[in-house]
Amino acid sequence: MGNPMKIRAANKDGVTEVKVLVSHEMETGQRKDAAGAIVPAWFITELVAKHGDKTVLSCEFGPSVSKNPYLAFKFKGGAKGEKVTVSWKDNKGDSRTDEATIG
Amino acid sequence: MNNQRRTVLKSGSGAALLGMLAAAGLIIPGMALADWNKAAFDAKSMADALKALGAASPADSKDVQVTGPDIAENGAVVPVGVASSLPNVSMVAILIEKNPNALAASFVLPEGTEANVQTRVKMGQTSNIYALVKSGDKFFMATKEIKVTLGGCGG
């Protein structure tokens with residue numbers, strides 16, 4: 001389990017804007033350590049955001065998404081007090097889910 | 001050499017992999033929506049990545065906007081945004097031409113989600129960034145060059 005994500009969701013004029021900051025190394029598999037051995041790739045492959053039970057965004061990431069990935073998107077609907085859930089899964093099979101309340 | 005046996009072995013392991021993916025999808029319901037497109041992310045060149053995404057020849061469109069800095073001082077963190085005014089956008093992808101693997105991220109947008117996403121990517125060197133947008137059944141593309149300065153003095 002990685003560290004918690006930071007999620008902000010704000011509703012304005014019927015559109016909810018979600019900003020997510022994930023805590024993840026996002027190792028590309030291109031870098032070498034001091035001994036010259038390649039650091040194995042370790043990155044988030046899939047990320048899904050849900051509003052209640054409805055999926056509002058599903059992403060696939062490659063290793064060239066930056067370390068501690070940031071993501072912002074907007075969806076129609078959502079009201080103050082409702083929940084937005086974000087889950088990710090990485091190429092080592094690790095995963096994490098966090099939720100935030102729309103404000 | 002028994003070629004058929006090879007093929008069988010190959011397809012067998014492929015099926016097993018799919019099964020594993022499905023099982024992983026069951027643990028977190030909803031994750032199965034996005035089966036990681038290995039072929040597209042492994043593609044070395046733009047053309048191969050586009051082909052793997054099913055968008056062999058996207059049309060250039062003014063209705064797709066790529067936002068990002070003109071000059072990125074740090075290639076490890078380059079903010080990139082894609083927005084489009086096209087109707088029925090169901091998919092957005094960000095590709096970086098000169099990265100070892102061109103495809104950086106793809107987003108599936110269900111109905112109700114706006115065609116406006118921002119994220120941060122890594123760039124190995126100065127390169128064109130392509131935003132691929134699927135509107136209806138057609139693919140559209142826009143591009144922007146981002147210069148990466150390694151020296152850190154801002155060029």
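Just a few scattered comments:
- Scan of region A:58-103 for residues that are more than 10 Å from chain B (Cβ to nearest Cβ) and outside any strand (DSSP E or B), ordered by number: A:A79, A:K80, A:G81, A:E82, A:K92, A:D94, A:I102, A:G103
- Test for A:E99: is it crowded, with 22+ Cβ neighbours inside 10 Å and among the acidic types (D, E): no
- Matching residues, region B:40-57, being surrounded by 13 or more Cβ atoms within 10 Å (Cβ to Cβ) and touching a helix residue (DSSP H, G or I) at 6+ places or on another chain (Cβ under 7 Å): B:A40, B:A43, B:A49, B:A52, B:L53
- Some residue of region A:23-32 being on the phi > 0 side of the Ramachandran plot, touching a strand residue (DSSP E or B) at 6+ places or on another chain (Cβ under 8 Å), in contact (Cβ under 8 Å) with a residue 60 or more places away in the chain and facing chain B (nearest Cβ under 9 Å): no
- Enumeration of residues in region B:87-137 that are in a strand (DSSP E or B), over 16 Å from A:F73 (Cβ atoms) and free of Cβ contacts under 8 Å to residues at least 40 places away in the same chain: B:I96, B:S127, B:N128
- Residue check, A:K50 touching a residue at least 24 places away in the same chain (Cβ under 8 Å), at the interface with another protein chain (Cβ under 9 Å from one of its Cβ atoms), out of contact with any Leu (no Cβ under 7 Å at 6 or more places or on another chain) and part of a strand (DSSP E or B): yes
A quick yes/no check of all residues on (1) crowded, with 17+ Cβ neighbours inside 10 Å; (2) modelled with pLDDT under 90; (3) within 11 Å of another protein chain (Cβ to nearest Cβ); (4) under 22 Å from B:A52 (Cα atoms):
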site	(1), (2), (3), (4)
B:V92	yes, no, yes, yes
B:I96	yes, no, yes, yes
B:A104	yes, no, yes, yes
B:N116	yes, no, yes, no
B:R120	yes, no, yes, no
B:T126	no, no, no, no
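- Of the residues making up region A:58-78, those that are surrounded by 21 or more Cβ atoms within 10 Å (Cβ to Cβ) and either among the hydrophobic types (A, V, I, L, M, F, W, C) or on the phi > 0 side of the Ramachandran plot (or both) are A:C59, A:F61, A:V65, A:L71, A:F73, A:F75, A:G78.
The values are calculated or read from the model by the stated rules, or taken from the named source; none is laboratory data. All of these numbers come straight from a predicted model, not from anything done at the bench. We place every Cβ from the backbone using ideal geometry, glycine too, and count neighbours over all the protein chains shown.
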